[in-house]
Amino acid sequence: MIIASVANVLVWAIWVLAAFACLGTGVAVISFSNPFYSALSLIGNLASLAVMYLLLSAEFVAAAQVLVYAGAVMVMFLFVTAYLGGRVDAPWAGGPSWQAVAAIAASAALFVEVVVVIGLKTSGRLSHEHETDAAFGRPYEIGRLFLTDHLLAFEITSIVLLIAAVGGVILGSHSREAPTAGVQQ
Amino acid sequence: MRGPDVVWYLCVAGFLFCTGALGVLIRRSPLIVLLSLELMLNGSNLALIAFSRYYAQGNGQIFALTVMAVAASEVVVGLGLIVSIARRQLDLDVDKLSTLRG
């Protein structure tokens, strides 16, 4: 009993840490003026999200999050940011414009809407989780679902990745010809 | 090991989504717009996985993995576009990139 309550407190503490790290780095992503620092704080965001996935017993998704997102996608982001050089845009220069004020109002309204809907519609009904068995979230279970129930989603995902790879190659080869095209204009 | 209810995860997911939406609306650098899009996708991923845990079914995790693949392809195409825009010596500013004419 005591061990269970200690474990509960520990889970809550880890959750609070991960949630605040997640929110703080999320705000940091959109408020840094240098894209390099934004990308770095997005890596922190992804890591704290992986901790929350682990708390939700989604081990495979957490591992894929760290490997695919923080390992591959963000490295590509950092390479492109370094390639483009330190282009800094100052988001808050010259005082808040009407556009910024309207954007803040719109996203605050969206957040209030989400919280109100969660609070009104789900209170009481979402407070008791179903029990999970040991196989939940393991790679075996993920693979079984992918290859049986969600085979179409699996195939479509692979086709989307293939098309994205082809598109990346085409965009890259066009941009290699771009300087001569610019001179001709 | 109980931990917080799914409602708390949903609130974090909603905040992440709205932060990403604010970044898309407010920032002008296309790199940071792409990063904010990643934030929005991660918010929806967190909601999917929270509901997957709540219903004790793996389907939400499958769709979270699909969303991750879609996000990776979006980053590939978006970064390719940004690099080719930068090679044409255009301003990296989504307010000024208003025509598709090459």
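The values are calculated or read from the model by the stated rules, or taken from the named source; none is laboratory data. Note that the structure is predicted; figures quoted are calculated from it, not measured. A quick note on method: Cβ atoms are made from the backbone with ideal geometry, for glycine too, and the neighbour counts reach across all protein chains shown.
Data for the structure
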{"quantity": "Flag if A:Gly119 is modelled with pLDDT under 90, on the phi > 0 side of the Ramachandran plot and not assigned by TED's automatic domain parsing to the domain that holds A:Ala28", "calculated": "no"}
{"quantity": "A:Val169 within 26 Å of the chain's Cα centre (by Cα), at pLDDT 80 or above, assigned to a helix (DSSP H, G or I) and closer than 30 Å to B:Trp8 by Cα", "calculated": "no"}
{"quantity": "Cβ-Cβ under 9 Å pairs, at least 6 apart or on other chains, the range A:136-151 side touching a residue at least 40 places away in the same chain (Cβ under 8 Å), far side among the polar types (S, T, N, Q) and exposed (fewer than 11 other Cβ atoms within 10 Å of the Cβ)", "calculated": "none"}
{"quantity": "Any hit, the range B:15-33, residues being among the polar types (S, T, N, Q) and touching a residue at least 40 places away in the same chain (Cβ under 8 Å)", "calculated": "yes"}
{"quantity": "Residue list for the range A:52-78, filter: free of Cβ contacts under 8 Å to residues at least 40 places away in the same chain, touching a helix residue (DSSP H, G or I) at 6+ places or on another chain (Cβ under 9 Å) and surrounded by fewer than 19 Cβ atoms within 10 Å (Cβ to Cβ)", "calculated": "A:Leu54, A:Ala63, A:Val66, A:Val68, A:Ala70, A:Ala72, A:Met76"}
{"quantity": "Residue among B:Ala86, B:Ala47, B:Ala71 that is more than 8 Å from chain A (Cβ to nearest Cβ), assigned to a helix (DSSP H, G or I) and touching a helix residue (DSSP H, G or I) at 6+ places or on another chain (Cβ under 8 Å)", "calculated": "B:Ala47"}
{"quantity": "Residue match in the range B:10-32 (condition: out of contact with any helix residue (DSSP H, G or I) (no Cβ under 8 Å at 6 or more places or on another chain), more than 7 Å from every other protein chain (Cβ to nearest Cβ) and not aromatic (Phe, Trp, Tyr))", "calculated": "no"}
{"quantity": "Evaluation of A:Met76 against (1) facing chain B (nearest Cβ under 7 Å); (2) under 20 Å from B:Ser73 (Cβ atoms); (3) within 13 Å of the chain's Cα centre (by Cα) (one fails), failing number", "calculated": "(3)"}
{"quantity": "Check on B:Leu25, farther than 25 Å from A:Ala153 by Cβ and either surrounded by fewer than 24 Cβ atoms within 10 Å (Cβ to Cβ) or of a type in the set (S, T, N, Q) (or both)", "calculated": "yes"}
{"quantity": "Which listed residue, of A:Ser57, A:Ser38, A:Ser48, is modelled with pLDDT under 90 and polar (S, T, N, Q)", "calculated": "A:Ser57"}
{"quantity": "Test set (1) surrounded by fewer than 24 Cβ atoms within 10 Å (Cβ to Cβ); (2) closer than 28 Å to A:Ala153 by Cβ - B:Leu16 fails condition number", "calculated": "(1)"}
